[in-house]
Every structure is written in structure tokens, then in C-alpha cells.
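Enquirer: There's a structure below that I have some questions on.
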Amino acid sequence: MESGESRDLPLSVNFARAQSQLKSLNNTSLASSSEEYQKQANDLVSLLKTCSRQIDRLSLFSSNETTEDYSTSELKLILVNA
């Protein structure tokens, strides 16, 4: 579920938070089956969904554009839905 806080933040802030959460999950000593790990993973997925909705609302990517049409700063956002 999308929190009101993340929904109100700019895409750049939400994306940076998602990157930080992913790095934290990748470096954690928690077992992936633990309740805390699952909560953190679910929070990350929720934040990435928020980013995806923001990308859609901003119309950052179009099906008629190629990667050469995007600015370097936008390229990192292409994989949000991956």
C-alpha cells in the first residue's frame, strides 16, 4: 500500500529511498524467510510501485521513443518496473 508520505515526495526522492532500501536488503544479515526481511521487501515493492505511478503520471517514457531520446538522468528509471 502506498503511504501518503511517499506519494507526496518527488520521484527523485522516492527513487533514492528505494535504491537505499534495496542496498540495505542486499546487505542484510536477516534470513530472507524472516518476518522483518519480508516486511522490508514489501515496503520496497510498495515504494517502487509508487515510483512507477509517478513515472506514468509524468509521462517520462513513451513507446515511440528510443533509449537515445532519454536524458542520462532518466535512464536509471527505466528498470523501475523490472
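Enquirer: Looking at the stretch 1-42, which GluC sites (Glu not before Pro) are in a loop (DSSP not H, G, I, E or B) and have at most 12 other Cβ atoms within 10 Å?
Expert: Listed in order of number, the matching sites are Glu2.
Enquirer: Against the longest alpha carbon principal axis of the chain, how many degrees, from 0 to 90 and to the nearest 10, is the axis of helix 11-26 turned?
Expert: Rounded to the nearest ten degrees, it is 40.
Enquirer: Given charges of +1 on the Cβ of Lys and Arg and -1 on the Cβ of Asp and Glu, with all other atoms neutral, how large is the dipole of the chain about its Cα centre, in debye to the nearest 20?
Expert: Using only the charged Cβ atoms, the result is roughly 160 debye.
Enquirer: Residues of the chain: accessible area per residue at 1.4 Å, in Å²?
Expert: Per residue, the chain has 71 Å² of solvent-accessible surface.
Enquirer: Roughly what % of Cα-Cα distances in the stretch 38-82 sit above 16 Å, to the whole percent?
Expert: 42 percent
Enquirer: Over the Cα atoms of the chain, what Rg and Dmax result, in angstrom?
Expert: Every Cα atom of the chain included, Rg and Dmax give 14.2, 43 Å.
Enquirer: By how many degrees, 0 to 90 and rounded to 10, does the Cα axis of helix 35-58 deviate from the longest principal axis of the chain?
Expert: It works out to around 10 degrees.
The values are calculated or read from the model by the stated rules, or taken from the named source; none is laboratory data. The structure displayed is predicted, hence computed values, not measured ones. Note: ideal-geometry Cβ built from the backbone for every residue, glycine included; neighbour counts use all protein chains shown. Accessible surface is based on the protein model in full, side chains and every heavy atom, while ligands, DNA and RNA are left aside. Shrake-Rupley method; radii C 1.70, N 1.55, O 1.52, S 1.80 Å.
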